[in-house]
Structures are given as C-alpha cells and as structure tokens.
Amino acid sequence: MSLEPKLEQLITGTTKLLGVIGDPIEHSFSPVMHNAAIAQMGLDYAYLPFPIAPENLATAIAGFAAIGLVGFNVTIPHKQAIMPLLSEISPAAKAIGAVNTVWHTETGWTGTNTDVDGFLAPLQGESRDWQQRTALILGNGGAARAVVAGCARLGVDRVCVVGRNPQKLAQFAQSWHASPLSVNLETASWEQLPDLLDRATLLVNATPIGMAPETDRSPIEAELMAKLAPEAIAYDLIYNPRPTQFLKLAQGVGARAIDGLEMLVQQGAAALRIWTDRSVPADVMREALQRHLAARK
Ligand code: NAP
C-alpha cells in the first residue's frame, strides 16, 4: 500500500490557495517546487497554475480577492502590467519596475519582487570586489531588470545592457533614471559585443536563446566567447537545459558557470516565506525541480 498522501487528503474544505499567473503558464515549474515545499512543511495550502490573458488580468485579480486567494507569483507577460492593480508596492519592486510576488492584505493586494534575491543567491559566496568591475547583460526584458538591480546591490561599477531593438533598449535605459538604485548603466547593440566581451567580469544571459528545445543555440558563439576572461563569471538565467550551450562555451574558456536553477529556487523560497511567514525548505524545492527536470529528459 502506498504511503503517499492522496489528493483528497491534501486538498480539503480548509485548504488555502496560492498560485502563479502567466500567459502561457503550462511550462511553469513553480507548482512543482512550491507544492513539494508545502507538503514537507505540512501546510494546508495548494499552489496552482492560472493561465490569464492580458485582457483578463484586472478581472482575474478581482476574482482572486473574491475567492480569498492568499497570494500568487507573476510571470510573463504580467510583471509590469499588474503594478497599477496593486494597492501597495515594495520599494524593491518599485526600484526594479516589476512585481513577481503578490499577497492579500486588509487594504488590497501588495506586490514585491523576489527575483533579485534569487539572482544574487548564487553570487553571495563569491569573494569578489565588485567595484571596478563590469557586468554585461544580454537582453533587456523583465529578467534583465532584476539583474540590473542585483548588480546595483553588488556595487558593480559599470553595467552594460545589450539589446537588439534600439527603441526598447533606450526605454530600458530611460526607466532607470528615476530609480533610487545607484547604477552606472549603458547600452549597446549585439554588433558591439566583440569590443565589450573582454571587459566583462560578469556575463549574464537574460535572453531565452539556448532554452529547451533549442538547446544547441547560444547567444554568444564559440569564436566570440574566446574573448571572455577566464576569471569571469558566466551566468545563464535559463534552467533547462543544465548546462546551456552558452555555459558550456564559457566553461571552455575557463570561466565559472552559474545556471538559472538556484535563482528559480531562491525567488520561489522567498515568495513562500512571505505568504506563510515560516522558514522554507529551499533544498526540498531544489530537489523537486531537479527530479522534474530529469523526468522530462
Ligand atoms: P522577456 O521579458 O521576454 O525578455 C527577453 C529578452 O531577450 C528581450 O530583451 C528580447 O529582446 C531578448 N531576446 C529574445 N530573443 C532574442 C534573440 N533571438 N536575439 C536577441 N535577443 C533576444 O523574458 P524574461 O522574463 O526577461 O526572461 C528571459 C530569460 O530569463 C528566459 O530564458 C527566462 O526563462 C529566464 N528567467 C529565468 C528566471 C529564473 O528564475 N532562473 C527568472 C526569470 C527569467 P526584445 O526586447 O528585443 O524582444
């Protein structure tokens, strides 16, 4: 007889709801890691995926309040669009300009951003002096915003964001002018990369290039990667596959490689900590993700 708890034992009339909103959402790994932690913590919660189209965002949030949802994560394409629907936004999320974690209070929905904590977690052990250093960030989307904020927190001297769309890139740079974060940010086109790469101490892939199923792709090809200094850190926000082609090429020149799994784990653990006010087993979340990824191979 199986000792695994059955669904009818896990979800009852008292179960509280958490979840993640996005469009699409079916590829999200968040339910796997959150439900694993919830089970281990012995909490009467369930974490569900909610596919919400942009035009339904306001209705969905009002509905969540009506059904007493405790909190939820926010992913593409709602991280910025949700901000006007919240009654309170943490200074961290305001500074980044994006929200990934929301919870209900007496006054309405409050939002914050745990992606920065997630991004920084694998870099905390690095005994580097980040001043006098340059970070090169590939991509100017939502995740790149958390990376820029993370670099500001590290005290990185110079941050260079590389984008393919000059208009979006200019808007990205402009959006940091009003930010309370102190960041020395410049932008560049992909064509300028050969002149920039050898100065990078931290090289971050914040694009989806190389993500499964297109696992043989890399935002930087081998010939160009040869310019990366061996003492640099290459950080890919992608967590499937592990490692990506980008990280394999960086390791080939001697750089230290960090993939996106720990960022995913730590941003999730920080969110669950907010919702439950309990200490959260990040190791259980990591193991659940690793098992889930291995089963998909
Ligand atoms: P996003 O908002 O859609 O931004 C993607 C960025 O990549 C955009 O700047 C886009 O350029 C650029 N891009 C896409 N395809 C490109 C191509 N072929 N050539 C050049 N640039 C390209 O997505 P996001 O939320 O920032 O996510 C980016 C990556 O980070 C994804 O792989 C995601 O899975 C990963 N991520 C990981 C975590 C984690 O916890 N590990 C968290 C968040 C995101 P345009 O702006 O010109 O379209």
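The values are calculated or read from the model by the stated rules, or taken from the named source; none is laboratory data. Quantities reported herein were computed from a predicted structural model and do not represent experimental measurements. When we count neighbours, we look across all protein chains shown, and the Cβ atoms used for this are built from the backbone with ideal geometry, even at glycine. Areas reflect the complete protein model, heavy atoms only, side chains present, ligands, DNA and RNA absent. Shrake-Rupley method; radii C 1.70, N 1.55, O 1.52, S 1.80 Å.
Here are the numbers for this structure:
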read-out	value
Euclidean distance between Cα centres, segment 129-144 to segment 230-274, Å	14
Gap separating the Cα centres of segment 89-108 and segment 147-162, nearest whole Å	22
Cα centre as origin, Lys/Arg/Asp/Glu Cβ charges: segment 12-168 dipole, Debye	480
Prolate/oblate/rounded call for segment 110-240, Cα gyration tensor, a/c under 1.5 rounded	rounded
Nitroxide proxy distance, nm - points 7 Å out along Cα→Cβ at E223 and W190	1.5
For the chain, calculated [θ]222 nm from helices alone, where every DSSP H run of n ≥ 4 adds -39500 (n - 2.57)	-10500 deg cm²/dmol
q = 0.08 Å⁻¹, the chain: log10 I(q)/I(0) [Debye, one scatterer per Cα]	-0.36
S182, S90, ranked by accessible area, largest first (probe 1.4 Å)	S182, S90
Positive-end extreme of charge dipole, segment 196-283 - chosen from Q251, L228, T201 (charges on Cβ)	T201
Virtual spin-label span in nm between S279 and K16, 7 Å along Cα→Cβ	2.0
Relative contact order of the chain, defined on C-alpha pairs under 8 angstrom at six or more residues apart (%)	16
Heavy-atom accessible area per residue - the chain, 1.4 Å, Å²	48
Shape call, segment 53-152: gyration tensor on alpha carbons, a/c limit 1.5	prolate
The chain, dipole about Cα centre (Lys/Arg Cβ +1, Asp/Glu Cβ -1), debye to the nearest 20	80
Signed unit charges on C-beta, dipole axis of segment 1-137, positive-most listed residue W130, T101, M41	W130
Prolate/oblate/rounded label for segment 158-297 (Cα gyration tensor, a/c 1.5)	oblate
Loop sites in segment 1-85: trypsin sites (Lys or Arg not before Pro), DSSP, at most 10 other Cβ within 10 Å	K6
Protection proxy ranking, peptides 161-167, 268-274, average beta carbon neighbours within 10 Å, highest first	268-274, 161-167
